[in-house]
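The numbers here are math on the coordinates, done by the rules we state, and not lab data. What you are looking at is a predicted structure, and each value in this text was computed from that prediction instead of being measured. Neighbour counts run over all protein chains shown; Cβ positions are idealised from the backbone, glycine included.
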Amino acid sequence: MNRHSSASSKPPLLVLIGPTAVGKTRLSIEAAKAYGCEIISGDSMQVYRGMDIGTAKIAPEEMQGVPHHMIDICEPTYPFSAAEFQNRVRTLIAEIRGRGNLPFIVGGTGLYIESFCYDFRFSEAGSDESFREEQRRFVEERGEEALHEKLRAVDPRSADKLHPRDTRRVIRALEVHHTTGRTLSELLSEQTRESPYDLCIVGLTTDREILYKRIEDRIDAMLEAGLVAEVRSLLDRGIGRQYISMQGLGYKEIAAYLEGELEYGAAVELLKKNTRHFAKRQLSWFRHMKDIEWLEVPAEPNFPALLQSFHAIIAGKFA
């Protein structure tokens, strides 16, 4: 049987999404081995070299021989974007299919994954560097929360999806409104939502309290694994919090501790709180996507049963 065939004339694309700490990595490896996949990371932070612990980046020995892409492709000083993700992954998918393998996107960055799956166009709104600089000065004078409130006043839907500390994307959403007179959420809602791929999207979810416990356990494990030393190393290299990469969860909170703005305990609690909120936003984003087959991960995961359910979904989509 051709594992990669489907009734559609479009090329097949397997996608696994879900909030942080829900259990995507183990399932993705087993599925990739079963279906001859190459995995493409759909995580906006795992592109950065030297940022391993805080991004929960898969270790080479955990890959079990499965090829992984879009990991460690740029320095933390580089402003990686959803548009660049689209361009790179299009090329990757052609290469993976050329090798006779099934492309498999795995991750939790909703904008990256949805915009790729449905071929969103990011070029409709122009840029205005003077406006961006004006917003950066506003942040310096008034703070990130005040900037976020500016966005909420004109585009509450985008504000709900973006963390106040994600100033680059908040500024971009404001810039879209400034240059077009329309909101980013409006423009995104008008995308065709027609995919150039034969999509099989599987989403993992679990009870919120279970997920929050897993998040806290993961953060404790990251700290034991040396997250503070990793952030200190980045700061020592001159990679400060002005960079997009250092606005990521784990990095901004620990950097605030290392720079004397927070006590250690307060930084850890803030990190756990921010990660819980991030997971909530991830789920909210994914719930608004279409074409998703959801799998519930129980409190005590029965991995063979979960894998069997995953196989059933794929078998029903790709004959």
**Prompt:** By what distance, in whole Å, do the Cα atoms of the stretch 129-189 stretch along each of the three principal axes, largest value first?
**Reply:** 32, 23, 16
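What is the dipole size for the stretch 129-189, taken about its Cα centre, with +1 at each Lys and Arg Cβ and -1 at each Asp and Glu Cβ, in debye to the nearest 20? Mind dumping the intermediate values first?
Details: 13 positive and 13 negative charges, 35 e Å.
It works out to roughly 160 debye.
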**Asked** Of Thr55, Val228, Ser158, which is farthest along the charge dipole of the chain in the positive direction, counting Lys and Arg as +1 and Asp and Glu as -1 at C-beta?
**Response** Ser158
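When averaged across all projection directions, what area in nm² does the alpha-carbon convex hull of the stretch 169-230 cover?
Quarter of the Cα hull surface area: 8.2 nm².
In a shell of Cβ-Cβ distance under 13 Å around Glu30, excluding Glu30 itself, what net charge do Lys and Arg (+1) and Asp and Glu (-1) give?
Working: positive: Lys24, Arg26, Lys33; negative: Glu62.
Spelling it out: positives minus negatives among the neighbours equals +2.
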**All-pairs Cα distance distribution in the chain, expressed in whole percent, bin size 10 Å** = 5, 25, 35, 25, 9, 1, 0
**Complete:** Expressed as a whole-number percentage, the relative contact order of the stretch 129-189 with C-alpha contacts under 8 angstrom and at least six residues apart is 29
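If you put +1 on each Lys and Arg Cβ and -1 on each Asp and Glu Cβ, how big is the dipole of the stretch 243-319 around its Cα centre, in Debye rounded to 20? Write out the running numbers ahead of the final one.
Working: 9 positive and 9 negative charges, 72 e Å.
It works out to roughly 340 debye.
Which semi-axis lengths, in whole Å and largest first, follow from the square roots of five times the eigenvalues of the Cα gyration tensor of the stretch 160-297?
Details: eigenvalues 189, 104, 33 Å².
Those come to 31, 23, 13 Å.
Which whole-number percentage describes the relative contact order of the chain, with Cα contacts under 8 Å and a sequence gap of 6 or more? Could the numbers behind the result be given before it?
On the way: 435 pairs, mean separation 89.5, N = 319.
Relative contact order here is 28 percent.
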**Item:** Label-to-label distance, nm, for residues given as Asp236 and Glu186 (7 Å Cα→Cβ offset)
**Value:** 5.1
**Computed magnitude of the charge dipole of the chain (debye, nearest 20; Cβ of K, R +1, Cβ of D, E -1)** = 680
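Kyte-Doolittle cut-off 0.5, length cut-off 18 Å along the helix's own axis using Cα: show which whole DSSP H helices in the chain pass. Before the final figure, lay out the partial values.
Details: long enough: 82-98 (24 Å, -0.20); 129-142 (19 Å, -2.14); 167-180 (19 Å, -0.50); 208-225 (25 Å, -0.53); 264-287 (34 Å, -0.68); 303-317 (21 Å, 0.95).
Both cut-offs are met by 303-317.
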**Item:** Residue of Val228, Val154, Val202 that the Gaussian network model of the chain assigns the largest fluctuation, springs spanning Cα pairs under 10 Å
**Value:** Val154
**Asked** Taking the alpha-carbon centroid of each part, what is the distance from the stretch 194-242 to the stretch 24-80 in angstrom?
**Response** 12
